[in-house]
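The structure under discussion appears below in the form of C-alpha coordinates.
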Amino acid sequence: MTPPETSAALYRAAVLIPGVDVVPEAVDAAGRHGVAVSRTHDGERTEWIFDRSTAQLPGERTVLVEDSAWGKAGTVVTSVALVDRGIVDEAGQTP
(Lines give C-alpha, C1' and ligand atoms only; values in the text may rest on other atoms or scores of the structure.)
Protein backbone atom coordinates (compact mmCIF):
# COMPACT_ATOMS: atom_id res chain seq x y z
CA MET A 1 0.00 0.00 0.00
CA THR A 2 1.26 3.46 -0.86
CA PRO A 3 1.92 5.73 2.13
CA PRO A 4 -0.70 8.52 2.43
CA GLU A 5 1.92 11.25 1.92
CA THR A 6 3.00 9.66 -1.37
CA SER A 7 -0.59 9.24 -2.60
CA ALA A 8 -1.35 12.86 -1.75
CA ALA A 9 1.74 14.04 -3.64
CA LEU A 10 0.74 12.01 -6.71
CA TYR A 11 -2.77 13.51 -6.71
CA ARG A 12 -1.37 17.03 -6.36
CA ALA A 13 0.97 16.35 -9.29
CA ALA A 14 -1.83 14.83 -11.42
CA VAL A 15 -3.97 17.95 -11.23
CA LEU A 16 -1.10 19.97 -12.73
CA ILE A 17 -1.49 18.04 -16.01
CA PRO A 18 -3.44 20.15 -18.55
CA GLY A 19 -7.07 19.02 -18.71
CA VAL A 20 -6.93 17.17 -15.38
CA ASP A 21 -9.24 18.28 -12.56
CA VAL A 22 -10.58 17.08 -9.24
CA VAL A 23 -14.25 16.15 -8.91
CA PRO A 24 -14.97 16.45 -5.17
CA GLU A 25 -17.98 14.12 -5.24
CA ALA A 26 -18.18 11.10 -7.57
CA VAL A 27 -20.04 7.78 -7.30
CA ASP A 28 -19.00 4.43 -8.78
CA ALA A 29 -21.31 1.73 -10.18
CA ALA A 30 -21.70 0.17 -6.70
CA GLY A 31 -22.88 3.47 -5.23
CA ARG A 32 -19.68 4.19 -3.31
CA HIS A 33 -18.79 7.85 -2.96
CA GLY A 34 -15.31 9.25 -3.34
CA VAL A 35 -13.19 11.98 -4.85
CA ALA A 36 -12.22 11.68 -8.51
CA VAL A 37 -9.26 12.70 -10.59
CA SER A 38 -10.70 13.45 -14.02
CA ARG A 39 -9.70 14.42 -17.52
CA THR A 40 -12.02 15.96 -20.07
CA HIS A 41 -11.63 15.20 -23.77
CA ASP A 42 -14.03 15.39 -26.74
CA GLY A 43 -17.05 16.25 -24.59
CA GLU A 44 -16.53 13.44 -22.08
CA ARG A 45 -15.03 13.51 -18.59
CA THR A 46 -13.32 10.30 -17.48
CA GLU A 47 -13.23 10.04 -13.68
CA TRP A 48 -11.03 7.74 -11.62
CA ILE A 49 -12.80 7.57 -8.28
CA PHE A 50 -10.74 7.18 -5.11
CA ASP A 51 -11.83 6.30 -1.59
CA ARG A 52 -11.19 9.33 0.61
CA SER A 53 -9.87 7.35 3.58
CA THR A 54 -7.77 4.64 1.87
CA ALA A 55 -6.88 6.29 -1.48
CA GLN A 56 -7.75 2.97 -3.19
CA LEU A 57 -9.46 3.01 -6.58
CA PRO A 58 -12.94 1.45 -6.20
CA GLY A 59 -14.17 2.48 -9.65
CA GLU A 60 -14.36 4.83 -12.58
CA ARG A 61 -16.98 6.44 -14.76
CA THR A 62 -17.41 8.57 -17.88
CA VAL A 63 -19.74 11.57 -17.81
CA LEU A 64 -20.85 13.70 -20.75
CA VAL A 65 -19.93 17.36 -20.34
CA GLU A 66 -21.84 18.48 -23.43
CA ASP A 67 -24.90 17.21 -25.27
CA SER A 68 -24.14 14.54 -27.86
CA ALA A 69 -25.65 11.52 -29.60
CA TRP A 70 -25.03 9.60 -26.33
CA GLY A 71 -27.24 11.96 -24.30
CA LYS A 72 -27.43 15.25 -22.47
CA ALA A 73 -24.58 16.85 -20.54
CA GLY A 74 -24.35 15.28 -17.09
CA THR A 75 -25.30 11.80 -18.31
CA VAL A 76 -23.13 8.97 -16.97
CA VAL A 77 -22.35 6.79 -20.01
CA THR A 78 -20.07 4.22 -18.35
CA SER A 79 -19.60 3.25 -14.73
CA VAL A 80 -17.35 0.55 -13.29
CA ALA A 81 -16.96 -0.78 -9.75
CA LEU A 82 -14.12 -2.99 -8.56
CA VAL A 83 -15.79 -5.36 -6.10
CA ASP A 84 -12.97 -7.79 -5.38
CA ARG A 85 -9.24 -7.96 -5.83
CA GLY A 86 -6.49 -10.28 -4.78
CA ILE A 87 -3.21 -11.93 -5.67
CA VAL A 88 -3.11 -15.27 -7.49
CA ASP A 89 -0.37 -17.54 -8.77
CA GLU A 90 -1.58 -17.71 -12.38
CA ALA A 91 -3.74 -15.77 -14.81
CA GLY A 92 -7.35 -16.94 -14.76
CA GLN A 93 -7.37 -17.91 -11.10
CA THR A 94 -9.70 -16.15 -8.68
CA PRO A 95 -8.63 -15.10 -5.19
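The values are calculated or read from the model by the stated rules, or taken from the named source; none is laboratory data. All values reported here derive from a predicted model rather than from experimental measurement. Here Cβ is always computed from backbone atoms with ideal geometry, including for glycine, and neighbour counts include all displayed protein chains. Accessible surface areas use protein heavy atoms only, side chains included; no ligands, DNA or RNA. Shrake-Rupley method; radii C 1.70, N 1.55, O 1.52, S 1.80 Å.
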Original post:
Where Rh denotes the Kirkwood radius from the mean inverse Cα pair distance, what is Rg over Rh for the chain?
Top reply: 1.03
Original post:
At 222 nm, what helix-only mean residue ellipticity would the chain give, in deg cm²/dmol to the nearest 500, using -39500 (n - 2.57) for each DSSP H run of four or more?
Top reply: -3500 deg cm²/dmol
Subject >> Net dipole in debye of the chain [+1 Lys, Arg Cβ; -1 Asp, Glu Cβ; about Cα centre; nearest 20] >> reply: 200 debye
Original post:
Counting only protein heavy atoms and using a 1.4 Å probe, what share of the accessible area of the chain belongs to carbon plus sulfur, as a whole percent?
Top reply: 58 percent
Subject >> With DNA, RNA and ligands ignored, accessible area of D21 (1.4 Å probe; Å², nearest 10) >> reply: 90 Å²
Original post:
Rolling a 1.4 angstrom probe over the protein heavy atoms, how many square angstrom per residue are accessible across the chain?
Top reply: 70 Å²
**OP:** Note down the relative contact order for the chain as a percent, whole number, built from C-alpha pairs under 8 angstrom at least six residues apart.
**Re:** 18 percent
